[in-house]
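Have a look at the structure below before the remarks.
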Amino acid sequence: QQQVKQSPQSLIVQKGGISIINCAYENTAFDYFPWYQQFPGKGPALLIAIRPDVSEKKEGRFTISFNKSAKQFSLHIMDSQPGDSATYFCAGYDQFYFGTGTSLTVIP
Amino acid sequence: GAGVSQSPSNKVTEKGKDVELRCDPISGHTALYWYRQSLGQGLEFLIYFQGNSAPDKSGLPSDRFSAERTGGSVSTLTIQRTQQEDSAVYLCASSFSRGEQFFGPGTRLTVL
């Protein structure tokens, strides 16, 4: 059973555009929702994370929006840049469940 | 470097052989995790060590998989009698408690 469902599987955005990746979870015991960024040949690295007591967290061009009642959260990348091209994973912690990943390509 | 290191970076083995994958976590991190990443798939949790507590082995896919962590530091993931479906990238991560996980570069395992 997929504890964290992520969409879309792939995303192509023009430079300067907004990239949006969505995740949905089932387990209400999750208490920490990180987003990881992974470049080819590298391990994932933490990008931004949120706890369920807040609805939004912003760090630079990256924002997490969290909807506890809907059990959904999303990553917004503003002013997307070619250097943002990577695979992004959402996760839910109680156990360590990761989404299936979104391959983002930002076209110059 | 002070990051998580894994060895080997690549491992090619024949079906039925045993393999050992090594992880050196960041010094002082109490938690250590192993994940498996198959092509086009997310990160599949395998096992979690936290301090001196009994490890959480709930993600291990079969009894061919085992892991140990010696002295609260280095960890070894062992896969016995490897199968072709074991081919994947095996990632190790470490953290303070259950916080931000720092990942190593992974070991790419290919079973022929």
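All of the numbers you see were taken from the coordinates with simple rules; none came from a lab. In this text, all values refer to a predicted model and were calculated from it rather than measured experimentally. Please note: Cβ atoms are built from the backbone with ideal geometry, for glycine as well, and neighbour counts cover all protein chains shown.
Data overview
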| quantity | calculated |
| --- | --- |
| Principal axis dimensions, largest first and in whole angstrom, of the range A:4-107 by Cα | 38, 26, 20 |
| Relative compactness, chain B, computed as alpha-carbon Rg over 2.2 N^0.38 Å | 0.99 |
| Computed lengthening from B:Gln84 to B:Ala54, 0.36 nm per intervening residue step minus Cα-Cα distance | 7.8 nm |
| Selection from A:Ile107, A:Leu46, B:Ser27 lying farthest towards where the dipole of the protein assembly as shown points positive, charges on Cβ | A:Ile107 |
| Distance in nm between pseudo-label sites at A:Gln9 and A:Ile107 (7 Å out along the Cβ direction from Cα) | 2.0 |
| The range B:5-111: relative contact order in percent, alpha carbon pairs under 8 Å with at least 6 residues between | 38 |
| Debye intensity ratio I(q)/I(0), log10, the protein assembly as shown, q values 0.16 Å⁻¹ (C-alpha model) | -1.10 |
| Within 10 Å of each Cβ in B:89-102, the average number of Cβ atoms from other chains | 3 |
| Two-site FRET efficiency, B:Ser9 against A:Ala70, from Cβ-Cβ distance with R₀ of 30 Å, rounded to 0.05 | 0.15 |
| Backbone N within the range A:64-108 under 19 Å of label point (7 Å from A:Asn27 Cα along the Cβ vector) | A:67-74, A:89-101 |
| Karplus (6.51, -1.76, 1.60) ³J(HN,Hα), θ = phi - 60°, over the range A:70-77, in Hz, Gly and Pro reported as x | 8, 6, 9, 8, 9, 10, 10, 10 |
| The protein assembly as shown - charge dipole about Cα centre, Lys and Arg +1 at Cβ, Asp and Glu -1, debye rounded to 20 | 220 |
| Shielding by partners - mean other protein chain Cβ count within 10 Å, residues of A:41-48 | 6 |
| Extended-chain gain in nm, criterion 0.36 nm per residue less alpha-carbon gap, B:Glu20 and B:Thr110 | 31.1 nm |
| Residue-averaged beta-carbon neighbours from other chains (10 angstrom radius) around B:54-61 | 1 |
| Value of relative contact order over chain A, rounded to a whole percent, pairs C-alpha under 8 Å and six or more apart | 38 |
| Local net charge near B:Ser7, Cβ-Cβ under 13 Å (Lys/Arg +1, Asp/Glu -1) | +1 |
| Cα centroid separation - the range A:34-108 against the range B:3-80, whole Å | 24 |
| J(HN,Hα) series, the range A:43-53, from Karplus relation 6.51 cos²θ - 1.76 cosθ + 1.60, nearest Hz, glycine and proline x | x, x, 10, 4, 9, 6, 9, 9, 9, x, 8 |
| Net charge over other residues, Cβ less than 13 angstrom from the Cβ of B:Glu44 (K, R count +1; D, E count -1) | -1 |
